[in-house]
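Step one of this worksheet: look at the structure below.
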Amino acid sequence: MKFTVSEKNLELLSAKLLAVPAWENGITVPEQMKFGGEPIQKLLEQTSKEEKFGGELEKILFLPVAHFLPYQRLLLVGMGKQKDWDQERVRRFSAWAVRSAEKVSAESIVLDMRFFKKLPLDDVIHALVEGAELGAYKFLKYKTETSLQKMQLTEVKEIILCGVEKAKIKKVNELISRAQLYAKATMMARDLINEPAGVMTPKELLENAKRIAAKNKNISLKYFNREESAKMGMNAFLGVGAGSQHEPFFVHMTYKPKTNPKNKKIAIVGKGVTFDSGGLSLKPADMMLDMKIDMSGAANVLAVFSVLTQINPSVQIEGIFTAAENMPSGSAIKPGDVVKALNGKTIEVLNTDAEGRVCLADSLSYAVRLKPDAIFDFATLTGAAMVALGEEVSAAYTNDKKLLQKFNESCELEGEKVWEMPLIDDYMKKNQSLVADIKNLADNRWGGSITAALFLREFVSDIPWIHFDIAGPSGVWTQFHVVPYIPQGGTGFGVRSFLNFVERNY
Ligand code: BES
Ligand code: ZN
Ligand code: ZN
């Protein structure tokens, strides 16, 4: 999508669509459009009455204005109450604008920045670009020509941001490029997640890491196959991958910054189960439908690394994931088996479907050895986190509240919802094993997201750490979902907040 910045006012431009925000209570022609004269006000009054449009959130109204304005259509996007206007509403506004433009085959949209004066320009531009790019995202790789024709898709090719002061044009262009990188990374994660598990195998995840390392001089890659990982003592994730035809891999990427004034190093760790059938503790058919998303954590790591060079944060970043497929077979790990993780702790595997924590036991132990200043893990870990917080919110667990506070600021800015959950020490008893150091299945299912997080804590030593259980927000599978810049499928949740966090804090 191309963004053009112009100092002109909207009456001097022309496009198929002009999109403007409309607030509840008294829909009137905005000040900026008074040049259109009386007729627009009349048309607006009449049509909004007919279509019962009152600027309500998520409602839209098209007006045929070609007679009065240099635009074919005027699109009003309902924004709710003006007092609630914030960066997230702007993000949703531009996503609605793009999705509505697609419906009326408009390939270009004009947005007038004077409508957004109430918020800081930086925030507005960032959100507008993200909303537009992410709202237009589609995964169409497997649609054949016939289906595509039936869908009659229009692609919005250009968005013109007008009414920008001349002195600010350069700055605005920089902000656009940055937001486009955020969106590009998020869409890369979506592509990786949406790819069927038959294609997105552990090997394919590794290939993606190789491609990123080959493209970026400041990113290096180490990886270990089954044999090498076994030699190193990473038998936990190997156990998870034991039932699959596809060889599991351990992947470690390093980003070295140009400058590192604070001399800091952080690690991002992802769960990379390319398909979670449950293993011998097999999932019921309908619980398996979406389980290609179980590599969302690894997708986040790859997505972040794909743009680090351009974003250029001043901190060394270690990206770590285990890539494995969880399948039942004669060679699969069995309930009751015991595996030893890299840090020497033994794990009794009582339910092969609680495989995420077993994989993370190795990748977190490995991260600890690198002595980072902080570890962030992203994992589609438990259905229990979804029961607690629903599909839009990630659970967060931490041993360092200040670190989470800082991270939360980034989530706030990026519109990604995170809620802290407690690490209840007493519940650790539920993870006690009769035969090994710890077991992967708690005594009962209550607080299942907490007991999983407590399990992970055993593998992070005393390093500041945040665990994000992203089982809910990693994918959208219902049509009722209302966030217009998050279409159905993999979402890439966490990528933008993480990028924002590294930019702001180092
Ligand atoms: N990958 C699943 C968790 C999941 C569920 C992710 C739904 C996304 C959507 C995980 O490996 C799993 O199966 N967890 C089990 C753990 C249980 C057996 C202790 C669960 O949550 O049911
Ligand atoms: Zn599972
Ligand atoms: Zn899983």
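Bear in mind these aren't lab numbers, they're just calculated from the coordinates by the rules spelled out. From a predicted model like this one, the values you see are computed outputs, not experimental measurements. Because the Cβ atoms are built from the backbone with ideal geometry, glycine has one as well, and the counts that use them run over all protein chains shown.
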Going through LYS222/LYS371; LYS103/LYS171; LYS117/LYS264; LYS2/LYS406 one by one, the pairs whose alpha carbons sit over 27 Å apart turn out to be LYS103/LYS171; LYS117/LYS264; LYS2/LYS406
Those GluC sites (Glu not before Pro) from the range 113-165 that are DSSP loop and have at most 14 other Cβ neighbours within 10 Å turn out to be GLU155, GLU165
Nearest 5 is fine: what % of DSSP beta bridges in the chain come out antiparallel, could you say? 40 percent
Once the Cβ-Cβ distance between LYS258 and GLN41 is put in as r, and R0 is 60 Å, what FRET efficiency do you end up with, to the nearest 0.05? 0.65
Which whole-angstrom value gives the distance between the alpha carbon centres of the range 424-473 and the range 200-271? 24 Å
Taking the Kirkwood radius as the inverse of the mean 1/r across Cα pairs, report the Rg/Rh of the chain. 1.02
Loop-only chymotrypsin sites (Phe, Trp or Tyr not before Pro) in the range 62-159, please: DSSP not H, G, I, E or B, and at most 12 other Cβ atoms within 10 Å. TYR142
Between LYS184 and GLU391, what length comes free when the chain is fully extended (0.36 nm per residue of separation minus the Cα-Cα distance, one decimal in nm)? 72.2 nm
For the range 423-492 the chymotrypsin sites (Phe, Trp or Tyr not before Pro) that pass both the DSSP coil test and the at-most-14 other-Cβ-within-10 Å test are TRP446, TRP477, PHE480
With θ set to phi - 60° and the Karplus curve 6.51 cos²θ - 1.76 cosθ + 1.60, what are the ³J(HN,Hα) couplings of the range 71-84 in order, to the nearest whole Hz, using x for Gly and Pro? 10, 6, 10, 10, 10, 9, 9, x, 10, x, 7, 4, 5, 8
Run the helix sum for the chain: -39,500 (n - 2.57) per DSSP H stretch of 4+ residues, divided by residue count, reported at 222 nm to the nearest 500 deg cm²/dmol. -11000 deg cm²/dmol
